[in-house]
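Colleague: Supplied in structure tokens, the structure appears directly below.
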Amino acid sequence: RLRFQVSAALREGRVTPTELCQRCLSLIKSTKFLNAYITVAEEAALKQADESEKRYRRGQPLSVLDGIPVAVKDNFNTAGIETTCASNMLKGYISPYNATVVQKLLDWGAVLLGKTNLDEFAMGSGSTDGVFGPVRNPWSYSRQYKEKSVPKFHSEDTEANWVITGGSSGGSAAAVSSFTCFAALGSDTGGSTRNPAAHCGVVGLKPTYGLISRHGLIPLVNSMDVPGILTRCVDDAAVVLGSLAGHDPKDSTTIQDNFKPFELPNLTDVSKLSIGIPKEYHAPGLSSEILSLWSKAADLFKNAGAKVIEVSLPHTCYSIVCYHVLCTAEVASNMARFDGLEYGHRSDMNKSTESMYAATRREGFNDVVRGRILSGNYFLLKQNYENYFVKAQKVRRLIANDFVKVFRSGVDLLLTPTTLSDAVPYMEFIKEDNRTRSTQDDILTQAANMAGLPAINVPTALSERGLPVGLQFIGRAFQEKQLLTVAKWFEKQVKFPVIQLEEVKRHDHGVFQHQKSASFS
């Protein structure tokens, strides 16, 4: 835990920021086969660690995050470090400014190790569709998965049996899961932080819309995008949230009030809590294993004295269709800026301005991005606007109202699955197209984005195949403290196991030394 272990070790001099940074950088090298990082900023990171070390020597660390190695998804702008969105369109692009969240991390003394891999322009649910190749789930190389699944295969086949991280923030989730950093930023538009968090066995927090600035996050869907936080425990997510939340004059959608960072209390009595179980989240395709886990979690709360009631969110069945109409419409608008004129890729086609635009976008975007642009422009055509876009906005309001009614009825939090199943092998995942996969994988997460509510994935147990399974808590708007406090209590009850990365030794020539949650106490 950052506050009680790593930060304490730094303050007491048991480990220095430079040693911590070097350890993480060597782990990044030894786990390169995971493809979690697109860019590693080794020189800049060591320089930041050195500055942090000087502050600790003076006894003046800037915050709990001072000297802590972090990673950032490659759709946040970073001054001096390439920002690609895993696309040919932005290969080689270096932003002149930092995203607000990146700047805040640096201002609090965090050490930025690099930029993590994703689906191109964050469009996907597997982290398999970026131009730099798919991200591998660290649990594919864990002792737990190997013992339960891989014996069925010959050892030489294990390479073909690796599983996906989920997406689109798969690089950030893999980076945290494999101990190469202590926290990472993702983005969450329809579940892109919580989905990979569930598959990689880490905590994934999607804050309330407007609590954290989007300035410098390359937009996918402006009305739903939220910077997400990935950590190895709930306490750490609260620490990072406290450093990032609050008003930003550069983002008019952020809250006007000052945000007071909080330390999470140790909840002992849950008898005053009311937990809602939305019946509509018993979705088609939900594995019997996850259904059983969801039921056990509800019983856990009930046995501890909490009130657990079944609730209804009647418009849930329309939400995924509604989400995709609104998502593609906003994507079409946002992607219009990539025309080859101001930044990014420009085609050599020079017959006319129009042909240069068309060739640039054909060469720069992959099929998934082009497909979403075409769909979005179709929904926004004059003859379709009322029937699709306006109607979807009305349904979105009904979905948001469902949540309002449930929370007004006295329910404090909703407990749902995060994903339909555990992570699937890559070769199986790519049998279906991106659109089909995204529709399946976002089904349990995107409604929280449509309603702008905070939600968190908490790693809960290992599946029969030895892979992580997570459950999701959805809270009231701007009630992150309550959400995280309950999530922390739940985390303590379930005692999710630590990943045993013995298999990595085959790749790492002995560099990977600590398998436990990186605490240096």
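The values are calculated or read from the model by the stated rules, or taken from the named source; none is laboratory data. All of these numbers come straight from a predicted model, not from anything done at the bench. Please note: Cβ atoms are built from the backbone with ideal geometry, for glycine as well, and neighbour counts cover all protein chains shown. Just the protein is used for accessible areas: all its heavy atoms, side chains included, with ligands, DNA and RNA removed. Shrake-Rupley method; radii C 1.70, N 1.55, O 1.52, S 1.80 Å.
Colleague: Report the FRET efficiency, 1/(1 + (r/R0)^6), for Arg55 and Lys250, where r is their Cβ-Cβ distance and R0 is 35 Å, rounded to 0.05.
Modeller: For R0 = 35 Å, the calculated efficiency reads 0.85.
Colleague: Now a separate question. Translational D (Stokes-Einstein, µm²/s) of segment 170-282 at 4 °C and 1.567 mPa s when Rh comes from the Kirkwood sum over C-alpha pairs?
Modeller: 85 µm²/s
Colleague: Pull up all non-local amide H partners of Asp248: gap of 5 or more, or a different chain, and H-to-H distance under 5 Å with H placed in the peptide plane.
Modeller: Long-range HN contacts for Asp248: Thr254.
Colleague: Any idea which of Gln482, Ala184, Ser271 is furthest toward the positive side of the dipole for the chain, if Lys and Arg beta-carbons carry +1 and Asp and Glu beta-carbons -1?
Modeller: My answer, from the dipole projection, is Ser271.
Colleague: Counting only protein heavy atoms, what percent of the accessible surface of the chain is carbon or sulfur at a 1.4 Å probe?
Modeller: 51 percent
Colleague: I need the peptides 313-320, 55-62 ranked by packing, meaning the mean over residues of other C-beta atoms within 10 angstrom, with the highest value on top.
Modeller: 313-320, 55-62
Colleague: Let me ask something additional. Given H placed on each backbone N at 1.01 Å, which residues far from Arg346 in sequence or on other chains put an amide H within less than 5 Å of it?
Modeller: Here the answer is none, since no amide H 5 or more places off falls under 5 Å of that of Arg346.
Colleague: Have a look at Tyr93, Val311, Asn350 and report the one farthest towards the positive end of the charge dipole of the chain, computed about the Cα centre with Cβ charges (Lys/Arg +1, Asp/Glu -1).
Modeller: Val311
Colleague: Relative contact order of the chain, please, whole-number percent, based on alpha carbon pairs below 8 angstrom and at least 6 residues apart.
Modeller: The normalised contact order for the chain reaches 19 percent.
Colleague: Further question: For segment 235-348, what ratio Rg/Rh do Cα atoms give with a Kirkwood hydrodynamic radius?
Modeller: 1.11
Colleague: Only Cα pairs under 8 Å and at least 6 apart count here; give the relative contact order of segment 236-377 as a rounded whole percent.
Modeller: Relative contact order for segment 236-377 comes out at 19 percent.
Colleague: When the dipole is taken about the Cα centre of segment 191-283, and only Lys, Arg (+1) and Asp, Glu (-1) are charged at their Cβ, what size is it in debye, to the nearest 20?
Modeller: Taking the Cα centre of segment 191-283 as origin, the dipole is about 180 debye.
Colleague: Now for a different question. Shape call for segment 282-437 from the C-alpha gyration tensor, a ≥ b ≥ c root eigenvalues: rounded (a/c under 1.5), prolate (a/b greater than b/c) or oblate?
Modeller: Verdict is prolate for segment 282-437.
Colleague: Okay, which of segment 347-364 sit inside 12 Å, backbone N to the point 7 Å along the Cα-Cβ direction of Asp433?
Modeller: Residues passing the 12 Å test: none.
Colleague: Show me 339-351, 120-132 ranked by packing, highest mean number of other Cβ atoms within 10 Å first.
Modeller: 120-132, 339-351
Colleague: Let me have the relative contact order for segment 1-119, percent, based on Cα pairs under 8 Å that are six or more residues apart.
Modeller: The value is 33 percent.
Colleague: Per DSSP helix of 4 or more residues, -39500 (n - 2.57); summed, then divided by the residues of the chain. What does that give at 222 nm, rounded to the nearest 500?
Modeller: It comes out at -11000 deg cm²/dmol, rounded to the nearest 500.
Colleague: A further question on this structure: Which residues among segment 300-340 fall inside the zone where the amide N is under 19 Å from a point 7 Å beyond the Cα of Glu363, along Cα→Cβ?
Modeller: 336-340, by backbone N distance to the label point.
Colleague: I would also like to ask the following. List every residue whose amide H lies under 5 Å from the amide H of Val311, counting only residues 5 or more places away in sequence or on a different chain, with H placed 1.01 Å from N in the peptide plane.
Modeller: Those qualifying (amide H under 5 Å, at least 5 residues apart or on another chain) are Ile277, Lys279.
Colleague: Find the accessible area per residue for the chain; the probe is 1.4 Å, ligands and nucleic acids are left out, and the unit is Å².
Modeller: 40 Å²
Colleague: Take peptides 215-226, 386-397 and line them up by average Cβ neighbours within 10 Å, highest first, as a rough protection proxy.
Modeller: 215-226, 386-397
Colleague: Mind checking the full-extension length gain between Ile94 and Tyr385? Use 0.36 nm per residue of separation minus the Cα-Cα distance, one decimal, nm.
Modeller: 101.1 nm
Colleague: With +1 on each Lys and Arg Cβ and -1 on each Asp and Glu Cβ, how big is the dipole of the chain about its Cα centre, in debye rounded to the nearest 20?
Modeller: Using only the charged Cβ atoms, the result is roughly 860 debye.
Colleague: Taking a ≥ b ≥ c as the square roots of the eigenvalues of the Cα gyration tensor of the chain, is the shape rounded (a/c under 1.5), prolate (a/b larger than b/c) or oblate?
Modeller: rounded
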